[in-house]
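Trainee: Here you go, one structure.
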There are 2 protein chains.
Amino acid sequence: MRANYQKEGLLLVVSGPSGVGKGTVCAALRKRMPELTYSVSATTRAPREGEVDGVNYFFKTVPEFQNMIEQDELIEWAQYVGNYYGTPRRVVEETLASGRDILLEIEVQGALQVKEKFPQGIFIFLVPPTFEDLRKRIEGRGSETETSLNSRLHAASDELKQIEHYDYVVINDKVEKACERIQSIILAEHCRKDRLVISE
Amino acid sequence: MRANYQKEGLLLVVSGPSGVGKGTVCAALRKRMPELTYSVSATTRAPREGEVDGVNYFFKTVPEFQNMIEQDELIEWAQYVGNYYGTPRRVVEETLASGRDILLEIEVQGALQVKEKFPQGIFIFLVPPTFEDLRKRIEGRGSETETSLNSRLHAASDELKQIEHYDYVVINDKVEKACERIQSIILAEHCRKDRLVISE
């Protein structure tokens, strides 16, 4: 008898309302868990300061993005406050097939689409400690006009209601604590009884 | 809106076949997680070298143990290779009621009894990397006669089949790795969506 954990990659989805800090948490997680594969999303929104094409996002024009949709190159996509966001299919499928874990940091609408296609995924919802924290974070970002600020706040409030579709909730009180929680969720999920393989 | 994790204590059960190293792993876990409450079992077996009454076990005579059974002072008990083992009720109930987690390190027969009474518990099964490792460990313990060695090996083989009743499986390849897995399981379980409380 020999006991081993299954070599099947986990599809991990980290989502949550606009402004909760998904990008910051996932960037910190990357440093703690370099062995994870991180899916890079495509978007038509403008790069923020310091964001690098192909690392933070694949920055696309609207016609380029629409072409990806038509060619079925995205496993999910959504329009969000006037911009497109989506997850390229190829890296996700290749990573899982090779037995490695992949993490998707995506918007709430997109996460629900992924759940339909990959119900075996692990869905993690990032929340702020309070709604006030969320408001401050969105305002502080400074990249919003007043209209887009209001529309983001309204969207964030709606998105919080989608929590019921998730497996885990991670409170983003401190980035390092949020990372530690996500790291524990990944390790624990690998220990689920159904993933153990006993061979002779 | 304010998000908090529920202040309900988790009942954590660490079990596994005879000789897998439950005691060693839980002793190491105690050092890493002093904030956890550890249930101390009662037993009629003789103390092994270094074991302290009230810390590793409450060492009881057979009549004392039978009296605890009659007084319904145990949430589970079993006879195992000629000795009684059981979990005193009071500490478990008081700890959970106060909102703290409690960890029970118990034999497989007893764990199944606890599962009937506490289906909301988290059941963790410790396994050796191979059955050969288990055999070596039981033999190396040196506290067994040949008859009790055979009967332990036979029991261990039966116990391994109970894995299906558990939520998680932790391979005890290295004590520190096994501890890290258990620690992650505990942290991840606290992040389950159902444990989040959103208040106004």
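Coordinate-derived values only; no laboratory data. Computed from a prediction, not measured in an experiment: that's the story for all the values here. Heads up, the Cβs are rebuilt from the backbone with ideal geometry, glycines too, and the neighbour counts pull from every protein chain shown.
Trainee: Could you list A:18, B:15 so that the one with the fewest beta carbons within 10 Å of its beta carbon is first and the one with the most is last?
Mentor: A:18, B:15
Trainee: Report the charge-dipole magnitude of the protein assembly as shown in Debye, nearest 20, computed about the Cα centre from +1 at each Lys and Arg Cβ and -1 at each Asp and Glu Cβ.
Mentor: With Lys and Arg at +1 and Asp and Glu at -1, about 640 debye.
Trainee: Angle check, please: helix A:108-117 long axis (alpha carbons) against the longest principal axis of chain A (alpha carbons), in degrees 0 to 90, nearest 10.
Mentor: 30
Trainee: I've got another one for you. Each label point is 7 Å from the Cα along the Cα-to-Cβ direction; what then is the distance between the points at residue A:97 and residue B:53, in nm?
Mentor: 6.6
Trainee: Where does helix A:175-190 land angle-wise versus the long Cα axis of chain A, in degrees 0 to 90, nearest 10?
Mentor: 30
Trainee: Label-to-label distances across copies for residue A:73, with labels 7 Å out along Cα→Cβ, in nm, shortest first?
Mentor: From this label point to the equivalent ones elsewhere in the assembly: 7.2 nm.
Trainee: Here is a further query. Order these by the 10 Å Cβ neighbour count, fewest first: B:147, A:87.
Mentor: Least to most surrounded, the residues fall as B:147, A:87.
Trainee: Please state the Cα pair-distance histogram of chain B with 10 angstrom bins from zero: what percent is in each bin?
Mentor: Going from the shortest bin to the longest, the percentages are 8, 34, 38, 15, 4, 1, 0.
Trainee: Just tell me how shielded B:180-187 is by partners: mean number of partner chain Cβ atoms within 10 Å of each residue's Cβ, no decimals.
Mentor: For this peptide, the per-residue mean of nearby foreign Cβ atoms is 5.
Trainee: Sorting B:133, B:72, B:173 on the 10 Å Cβ count, fewest up front, what's the list?
Mentor: With the fewest neighbours first, B:133, B:72, B:173 line up as B:72, B:173, B:133.
Trainee: In the Gaussian network model of chain A, springs joining C-alpha atoms below 10 Å, which of A:56, A:67, A:172 carries the largest mean-square fluctuation?
Mentor: Fluctuation is largest for A:67.
Trainee: Run a plain Debye calculation on the protein assembly as shown (Cα atoms as equal point scatterers, no solvent) and give log10 I(q)/I(0) at q = 0.08, 0.09 Å⁻¹, rounded to two decimals, same order as the q list.
Mentor: Those come out to -0.52, -0.63, one per q.
Trainee: Extending each Cα 7 Å along its Cβ direction at residue A:176 and residue A:146, get the distance between those two points in nm, one decimal.
Mentor: Each label point is offset 7 Å from its Cα along the Cβ direction, giving 4.0 nm.
Trainee: Helix A:131-141 versus the longest principal axis of chain A: what is the Cα-based angle in degrees, 0 to 90, to the nearest 10?
Mentor: The answer is roughly 70 degrees.
Trainee: Continuing with this model, one more query. Distances from residue B:93 to the same position in the other copies: list them in nm, one decimal, shortest first, using label points 7 Å from Cα along Cα→Cβ.
Mentor: 5.8
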